[in-house]
Each structure stands twice: as structure tokens, then as C-alpha cells.
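Below: the structure, in C-alpha cells.
The values are calculated or read from the model by the stated rules, or taken from the named source; none is laboratory data. Since we're looking at a predicted model, the values are computed, not measured. Backbone-built Cβ (ideal geometry, glycine too); neighbour counts: all protein chains shown.
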Amino acid sequence: MSKRVTMDVDGAAINMVTGASKERVDLVVRQVNDMINLVKSKDRSLSSNMAYRYAMIYLSDQIVELKEMLENPEGGYSDEMTMELKREIAKLKEDTLQWEARIAQLQELLLEKNQQIQELKSLR
């Protein structure tokens, strides 16, 4: 059964509906935060939005790699392993879409704040 969960990703509270267990949600959040922190540590001048984009590219690269493994008939994967990889690909796609939606929300918020700043500056 799906439930609403709040996750803390890079200091931001993100609400999502998921059927995943708490342990899985915690694992995903931990991996996402680790990836964002790794990207930020490599280039401290990156904005959070850019760090999120790099993290999404990394996740997408993982999806492509898993697809290539599934499509390679010589990989010797059992049906059970193939199904697990397909589930993981679906989950990574869902995560990527949710990150894209979050970035769009943040960009809208940034535009609003910039407009407010410009309005305040014009009142001076």
C-alpha cells in the first residue's frame, strides 16, 4: 500500500507517495544525499541545482548501464536476476522523474524570489 513519506534530501523536506518500505526509502535518501555531497565536494562552487543535475545524470547513467546488462544475452543472468534488474531500472526512472520535478519546483521558487528581489530594489 502506498503511503506519504517526507524525506530530508540535502536539507530540503520532500514529500512523496511510495509503497516502499521505510528501510528502502532511508537507503534511497542516504544514497541520494551521498551522491549530492560527493558532487558538491568535487566542486564547491556548484549550486545545489547543478549538484542535483549531476546526481540525476549519474543515476541515468546507472539506468543505461543496467539496461545494457539486461539486453546482453551473454550476461548469463537468471530470470530472477533479470526481474530484479528491471525493477531497479523502473525505480531509478521513478527517482529521476521525481528529481526533475523537484528541480522544476526549485527553479520556480528561485524565479519568484528573484522577481521579489527586483521589485524590492525598484522600490528604493
Can you name the condition, by its number, that M83 falls short on among (1) within 30 Å of L111 (Cα to Cα); (2) out of contact with any Phe, Trp or Tyr (no Cβ under 7 Å at 6 or more places or on another chain)? (1)
Top-ranked residue of the range 47-101 - restricted to ones that are among the small types (G, A, S), surrounded by 13 or more Cβ atoms within 10 Å (Cβ to Cβ) and under 11 Å from the mean Cα position of the chain (by Cα), ranked as modelled with the lowest pLDDT: S60
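Taking the range 81-124 on its own, how many of its residues are of a type in the set (G, A, S) and under 30 Å from M69 (Cβ atoms)? Please lay out each step first, then the result.
Within the range 81-124, the subset of a type in the set (G, A, S) is 90, 101, 104, 122.
Now drop any that are not under 30 Å from M69 (Cβ atoms), which leaves 90, 101.
Total satisfying the criteria: 2.
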Selection count, the range 1-46, where residues are exposed (fewer than 11 other Cβ atoms within 10 Å of the Cβ), at pLDDT below 85 and in contact with a strand residue (DSSP E or B) (Cβ under 7 Å, 6 or more places away or on another chain): 1
